[in-house]
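Peer 1: Take a look at the following structure, please.
The values are calculated or read from the model by the stated rules, or taken from the named source; none is laboratory data. These figures come from a predicted structure and were not determined experimentally. All Cβ positions, glycine included, derive from the backbone under ideal geometry; neighbour counts span all protein chains shown.
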């Protein structure tokens, strides 16, 4: 038995002591939040290299995504959604609540939508107002290439790009300044290692221009009101989770102390090691093309004859390593390792790989397995 | 200087050590939430004496209120809003996003809408589908009498009663079983002493019947979807603040350990002492009629010639007692003491009353004041 749990799900991630201290510090438990909220806004903009404005809303990341769609999209606007699976499909359904003119390009499991398909669509629909996508399709670990996509979109159309970056911000370089997106949304319980409960929205200048022209309805999903309240009165239209705002500052400071570039590199390396090791064990990866493998999540197909439930339970009960089942097309066929933030570290990864190896052995799934390929433990 | 801060705002309230431990316990920092969510649902229903169903959503209490309106009200439904000030007016504005057929009865500052006015309206509008109100108007401390109101509503109409109980649940008896309301919404950072970040909705059977008939749109504000996800799949459509779900259980357990009736009595007594003492000091209370004084908030008019900002700053800098300014009609004229949950205790109240007395003296606002009326400190 290992001495502690290794939570390797795609979030919430293990929370470092410094963040626990920050969310329970004396200051964090007082009701005043204006100062810390202002500081957080600057920090989240820095994380995604943005001019423009940020908004932080209490709730799951989903509320930030929906608020962005509700606030930016007019019912008659043509929207293209790029889907690489379950979460992309969910985004498509959500956009349909806010536009009567939605199209979807869908990739099969383990792939992303190709740039040529996007190009073709935009040439046929030059009046497309928004392109919306989930940066990392969390059920497969497929990562869209925002640089390539944004280049094509900018070239052909005036469409604004809305990206759900829930499991990528902090792990994959994203720059609003460079035009990778016009609006990004993320939660805090992934790479940032926070308890869940805050949704972050960053709007670039293009998105703000659109917002200006919009007559936003509603309250909690109305980004215009969140911005106006803050800018005109210095407070928010609904009490935010004050203590999490304090935690968020600490969480981002931890990242900047390590260096954002170093954090990107760490995630990339961890992902490469996991992928190489699993292949060495004879497991089939869901993402076959390295170029679209997210540095934060790896999904692999289970050997025939074992249920995801049994495999995950064995890992948890014997080794205290928690992996996650998946959803959509791959449900029951594949399972997922989350490796982001504090779980994208070598001790977590080594233990996870050893535990997977021993589970395969214990369950007689790889009968020929004789040794743990130690060459991967020399990072 | 006192040894510590006395946070006497209308929430967030001081957070007890047991709750801090609960939200940072090992279990609370793991991603699994189904068990604790199920336990919380039962506990919140018990708090408001309800059959029916509960839903807990990540975010400010506002998101729960708006989700309830968005999910229950059809655009053509006639809705009556009862407003006793700023928050009642905000509710009216919010209902307008979801109905084209909204009326408001508004009381002047320091009063509530009379039962006879409600009766008159309902007799003239027997097709009213919903009556919505803010149980305690937090800017004045006026408390609507739900027993009386619900009796009149039930007598004349089939209207369902939606009540924002954000600063009353746990401090004022509310019973869905007795028909005081059909839907109640509250946050957790008031009487429950939690950090903000969860909205709780409890729907009685009448409200559930309405929900059945509704075609709900949207995602995060769609209560039907929250219920369906939970009941059919055993999880939620957006990651909830898992650690707060653990805190909530502890928070409600703390209340039940003291005994819900005892907690009601404590709030009532604290409120009576504060009101009597302030009157003794010669200050004018915003709520003159004891029957509509909330046991959780007391607002009083400032003596002429002093700004709310100066008074509050003096209390904070000299005594570490934090009171709150108010909004709406009373802004600048009155300030507020929140006394709820852990601040509805005699040490907090004594210190607050002494600090107010000494502030009046220091600022030369009550020149004739010679002694602190100690008879009030013999609780």
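Peer 1: Every residue in the range A:11-41 that is in contact with a strand residue (DSSP E or B) (Cβ under 8 Å, 6 or more places away or on another chain) and at pLDDT 95 or above, please.
Peer 2: A:37, A:40, A:41
Peer 1: Right, something else. Which condition breaks for residue A:240 when tested against (1) in contact (Cβ under 8 Å) with a residue 24 or more places away in the chain; (2) assigned to a loop (DSSP other than H, G, I, E, B); (3) out of contact with any strand residue (DSSP E or B) (no Cβ under 9 Å at 6 or more places or on another chain)?
Peer 2: (3)
Peer 1: Right, another one. Taking only the range A:37-71 into account, find how many residues are more than 14 Å from chain B (Cβ to nearest Cβ), assigned to a loop (DSSP other than H, G, I, E, B) and within 22 Å of residue A:193 (Cβ to Cβ).
Peer 2: Residues flagged as more than 14 Å from chain B (Cβ to nearest Cβ), assigned to a loop (DSSP other than H, G, I, E, B) and within 22 Å of residue A:193 (Cβ to Cβ) within the range A:37-71 amount to 3.
Peer 1: Now for a different question. Are there any helices (runs of 4 or more DSSP H) wholly within the range A:78-177 with 2 or more residues that are within 14 Å of chain B (Cβ to nearest Cβ), and if so which?
Peer 2: A:86-96
Peer 1: Please determine, by comparing only the residues of the range B:1-12 that are within 8 Å of another protein chain (Cβ to nearest Cβ) and part of a loop (DSSP other than H, G, I, E, B), which one is farthest from residue B:167 (Cα to Cα).
Peer 2: Across the range B:1-12, the extreme among qualifying residues is B:5.
Peer 1: Filter the range A:13-25 for residues that are part of a loop (DSSP other than H, G, I, E, B) and either at the interface with another protein chain (Cβ under 8 Å from one of its Cβ atoms) or surrounded by 23 or more Cβ atoms within 10 Å (Cβ to Cβ) (or both) and give the result.
Peer 2: Answer for the range A:13-25, where residues must be part of a loop (DSSP other than H, G, I, E, B) and either at the interface with another protein chain (Cβ under 8 Å from one of its Cβ atoms) or surrounded by 23 or more Cβ atoms within 10 Å (Cβ to Cβ) (or both): A:13, A:14, A:15, A:24.
Peer 1: Looking at B:137, B:151, B:108, which one is surrounded by fewer than 24 Cβ atoms within 10 Å (Cβ to Cβ), closer than 30 Å to residue B:270 by Cα and under 20 Å from the mean Cα position of the chain (by Cα)?
Peer 2: Only one candidate passes the filter, namely B:108.
Peer 1: Also: Looking at (1) within 14 Å of chain B (Cβ to nearest Cβ); (2) assigned to a helix (DSSP H, G or I), which one does residue A:32 not meet, given that it meets all the others?
Peer 2: (2)
Peer 1: Just the residues that are exposed (fewer than 15 other Cβ atoms within 10 Å of the Cβ) and over 19 Å from the mean Cα position of the chain (by Cα), please, taken from the range B:254-275.
Peer 2: Residues satisfying the conditions are B:257, B:258, B:259.
Peer 1: Would you please name the residue that is farthest from the other protein chains (Cβ to nearest Cβ), looking only at residues in the range B:337-356 that are in contact (Cβ under 8 Å) with a residue 40 or more places away in the chain and surrounded by fewer than 20 Cβ atoms within 10 Å (Cβ to Cβ)?
Peer 2: Ranking the qualifying residues of the range B:337-356, first place goes to B:346.
Peer 1: Given the conditions (1) away from chain B (no Cβ under 14 Å); (2) modelled with pLDDT under 95, report the number of the one that residue A:217 does not fulfil.
Peer 2: (1)
Peer 1: Examine the range B:284-299 for a residue that is within 26 Å of residue B:17 (Cα to Cα) and in a helix (DSSP H, G or I), and state whether such a residue exists.
Peer 2: No, the conditions are met nowhere in the range B:284-299.
Peer 1: Specify the residue that is nearest to the other protein chains (Cβ to nearest Cβ); the eligible residues are those in the range A:318-336 that are within 16 Å of residue A:84 (Cβ to Cβ) and part of a strand (DSSP E or B).
Peer 2: The extreme case among them is A:336.
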